[in-house]
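Written below as structure tokens is the structure these notes are about.
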Amino acid sequence: MISRRGFLSASAGGAAALLLTACSSAVEEAKEGDSGGVLVIGSLSDLNPSTIFSQSLTSMTIGGLVFDTLIRLDPQTLEPTARVATSWEVSDDGLGVVLNLRDDVTFHSGRPFTSKDVAYAFANLAEDTAGSQLQAAAKTIVSVDTSDDHVARLTLAHPLVNLNDLLEFTLLTDSESEAGLLAGEQFVGTGPFVFGSWQRGQQSDWTRNENYWGSTAVLDGVTIRVVPDSSALLSSVRSGQTNAVIGVSAQDARPFGDGYQVENEDVYDVAYYLGANVANPLLADKRIRQAISYAVDRERIVDEVLGGTGISSSAPWPESSPAYDERARGFYSRDLDKARALLADAGGAPTQPVLLSYGTGLAPARTIAAIIENNLAEIGFTVTLDPREQAAFSPFLNSGQHQLWINPHGFAQLNPSTLATGAAPFKPAKNLSGYSSPEYTAIVDRLWTHADAESDEAKASYREFSDLLLDEQFVIDLAITTNTNIYSAGVRGVAWNRYKNLDLGGASL
């Protein structure tokens, strides 16, 4: 958490890109030894500018190219380091935040960046139309004093235990070109790359920002090439059509040997889960959901589906999370006897088939579904697999017609309150399972209103939240993994932040 003992300062150099080598000198080494070039990244999906304010494929791909953030969280300690904010202070009661800003930051249009742009960025995230997972956190900002161009003074409605998450998540977009951004016609930020062109459905091109306030990028430019078929995407690296593909499965990366670099990101925020619609009579009894959880073979999912990359877990937390608990991780270790006993107490397994849905655009989901189908058959469940086109899957999960489904969730790598208040499967109001209770709402309210994320009270809240999840099992967590990336031999310095936004400021060919 940001220190409350006074101002903490960090030089701009302390905010250097998080390189794969974890070495702060790598950027300078790249500049001395490389001459630029255009990095071509293959992507299954095209840009969708309307999702730029959320954690989406678009924000993860171009967010770090075009836009800056106020701080950067250290990947190992989650301590904040300076970006556009050079120093900061939080009042003892947690209700006031002072952000001192750089005075040399300009938008790509040439307009100077000021504290008014900070206020605009937070206001954006608070809007329902933004679809931001940090919306609840942004809404706690009651006001922003922008009387000084280089100081933003925030007043909060209550202390915000995940303040650091908000400060890194908020992309500093341009208020004067918002309509152009959402229309996909203008991408104006303060980041290390400038928008060049976008051929919808084909590729987008970005060039180096020669007037960047930090170290200018090594690369001359970046091209994001759309390759909508997963097999063709992998082939594009082999054929040299792309230099990198981001976010493939560990299984798909196995054949890539000499001449390629296979890198697992250190952001373990891809948590596969089995969701349960508690409004459905077949799944309303929590003993049924607990029995399902005991029956699932999580270790098999990690080994066979995820290629051994990641951990099996009954809780959403990776090992880097402040809420990680070995007890919670193994709480539902496979035990068919316990599963059958719980079903007997609940009156037996459902007498009619249970629908198990998944999106066809997510390759691991199909295999996970088959494993779960077999697992549940062992305790008397009949499961009907229900593959759905990816574009139609999210609307289906909001339809009320779903029963069980497989999907990944994120945000568990950050402060636990970010997941609790922002991730769709967990939000106290209108989560995907239709679960709600006064107790759950009260726990989440306690969870995110601590002034100190490391206090004993905060840690007790993390456990209280985990215990309720384990008991209710409306989200049945299965396994936690990460993105796997493949690069051709000459690519160096690709990095990312804790939201998996690409950072190519120090990348080279």
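The values are calculated or read from the model by the stated rules, or taken from the named source; none is laboratory data. The structure displayed is predicted, hence computed values, not measured ones. Heads up, the Cβs are rebuilt from the backbone with ideal geometry, glycines too, and the neighbour counts pull from every protein chain shown. The protein model used for the area step is the full one, side chains on, heavy atoms only, and it has no ligands, DNA or RNA in it. Shrake-Rupley method; radii C 1.70, N 1.55, O 1.52, S 1.80 Å.
Here are some notes:
- Listed residues Asn209, Asn483, Asn100: farthest to the positive end of the dipole of the chain (Cβ charges): Asn483
- Accessible surface of the chain, 1.4 Å probe, proportion on carbon and sulfur as whole %: 48 percent
- Exposed-site-free run, longest, the chain (rule: trypsin sites (Lys or Arg not before Pro); DSSP loop; at most 11 other C-beta within 10 Å): 201-429
- The Ala363 and Asp386 beta-carbon pair, evaluated with R₀ = 25 Å, returns a calculated FRET efficiency of approximately 0.90.
- Residues of region 279-314 falling in the label zone of Ala341, defined by backbone nitrogen less than 17 Å from a point 7 Å along Cα to beta-carbon, are 287-296.
- Contour excess over end-to-end distance, with Cα ends at Ser235 and Arg200 and 0.36 nm allotted per residue: 10.4 nm
- Total formal charge among the other residues, if their Cβ is under 11 angstrom from that of Asp74, Lys/Arg +1 and Asp/Glu -1: 0
- Using the Cβ of Leu44 as centre and a radius below 11 Å, the other residues enclosed give a net charge of -1, where K and R count +1 and D and E count -1.
- Modelled FRET efficiency - R0 30 Å, Gln261 with Glu454, Cβ distances, 0.05 increments: 0.25
- Here the convex hull built on the C-alpha positions of region 361-411 has a volume of 103 cubic angstrom per residue.
- Options Pro387, Leu469, Leu233, ranked by Cα towards positive dipole end of the chain, top entry (Cβ charges): Pro387
- Sequence-separation-based contact order of region 406-481, relative, with Cα cut under 8 Å and 6+ spacing, percent: 22 percent
- Net +/- balance of residues flanking Gln401 in space, Cβ distance below 13 Å, scoring K and R +1, D and E -1: 0
- Modelled FRET efficiency - R0 30 Å, Ser147 with Leu182, Cβ distances, 0.05 increments: 0.55
- Stretching the chain fully between Ser215 and Asp74 yields a gain of 48.9 nm (0.36 nm per residue, less the alpha carbon separation).
- Contact order for the chain, expressed relative to its length and based on alpha carbon pairs under 8 Å spaced 6+ residues apart, stands at 23 percent.
- Convex hull per residue volume in Å³, alpha carbons only, for region 338-388: 67 Å³
- Accessible-area order (highest first, 1.4 angstrom probe) of the listed residues Tyr332, Tyr268: Tyr268, Tyr332
- Dipole magnitude of the chain about its Cα centre (Cβ charges: Lys, Arg +1; Asp, Glu -1), debye to nearest 20: 860 debye
- For the chain, the longest site-free run once GluC sites (Glu not before Pro) in DSSP loop states with at most 16 other Cβ atoms within 10 Å are removed: 1-126
- Projected area, mean over directions - region 356-509, Cα convex hull, nm²: 12.5 nm²
- Counting DSSP beta bridges with both ends in region 261-408, the antiparallel % (nearest 5): 35 percent
- In a reduced charge model with +1 at each Lys and Arg Cβ and -1 at each Asp and Glu Cβ, region 371-448 shows a dipole moment near 300 debye about its Cα centre.
- DSSP-defined beta bridges in the chain - what % are antiparallel, rounded to 5: 75 percent
- Summary value for region 266-417: 36 percent relative contact order, contacts being C-alpha pairs under 8 angstrom separated by 6+ residues.
- Per residue, the chain exposes 38 Å² of solvent-accessible protein surface, assessed with a 1.4 angstrom probe and all protein chains in place.
- Expected-Rg normalisation [2.2 N^0.38 Å, Cα atoms] applied to region 101-245: 1.24
- Tail weight of P(r) past 46 Å, computed on alpha-carbon pairs of the chain, percent: 11 percent
- Stretch gain in nm, segment Ala284-Arg327, where the contour uses 0.36 nm per residue and the Cα spacing is subtracted: 12.9 nm
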